[in-house]
1. Out of region 87-98, which residues are in a loop (DSSP other than H, G, I, E, B) and under 14 Å from residue 54 (Cβ atoms)?
2. With respect to residue 30, determine if the residue is outside any loop (DSSP other than H, G, I, E, B), in contact with a strand residue (DSSP E or B) (Cβ under 8 Å, 6 or more places away or on another chain) and modelled with pLDDT of 55 or more.
3. It is to be established whether one or more residues within region 35-46 are part of a strand (DSSP E or B), buried (at least 17 other Cβ atoms within 10 Å of the Cβ) and modelled with pLDDT of 95 or more.
4. Which of the residues spanning region 99-147 are closer than 30 Å to residue 47 by Cβ and outside any strand (DSSP E or B)?
5. Given the structure, is residue 53 under 14 Å from the mean Cα position of the chain (by Cα), closer than 12 Å to residue 31 by Cα, in a strand (DSSP E or B) and modelled with pLDDT of 95 or more?
6. Name the one entry in 81, 70 that is under 17 Å from residue 33 (Cα atoms) and either at pLDDT 95 or above or in contact with a strand residue (DSSP E or B) (Cβ under 8 Å, 6 or more places away or on another chain) (or both).
């Protein structure tokens, strides 16, 4: 069972375009996610307090979907097995499999669509250029038995 510790999350919406001093509109900031804890190649127990840094994206409670909002949640997987959806940047992952584990955190819009970006910004879900990639972060850990 996945335990969840709820902590405050601070981030900004993905669709905010800024206006420079000259009055020219600049491109919206690209959403990103990165692991803070655990660190890459860390040894952990089967339960781990985890945290990620999210920029340019507003996190919401994954149970409260609201189509059209530029906000969403983090989905975490361990070796491709879904562990849960989180609306905060700090959470507890439990019952991790023993051995080498790839933890992947991915940003999703609140309607369940994955966020895809390229170097120019956020891509439309119908983009066919092939340069758009999901917003993910991966950390490799070794899970010890009995931890």
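1. 87, 88, 89
2. No.
3. Checked against the condition, which is being part of a strand (DSSP E or B), buried (at least 17 other Cβ atoms within 10 Å of the Cβ) and modelled with pLDDT of 95 or more, region 35-46 yields at least one hit.
4. Of everything in region 99-147, those that are closer than 30 Å to residue 47 by Cβ and outside any strand (DSSP E or B) turn out to be 110, 112, 115, 135, 144, 145, 146, 147.
5. yes
6. Numbers: 81 fails: under 17 Å from residue 33 (Cα atoms).
After ruling out the rest, the residue left standing is 70.
The values are calculated or read from the model by the stated rules, or taken from the named source; none is laboratory data. A quick note: this is a predicted structure, and the numbers were derived from the prediction, not measured. Cβ coordinates were reconstructed from backbone atoms using ideal geometry, including for glycine residues, and neighbour counts include every protein chain displayed.
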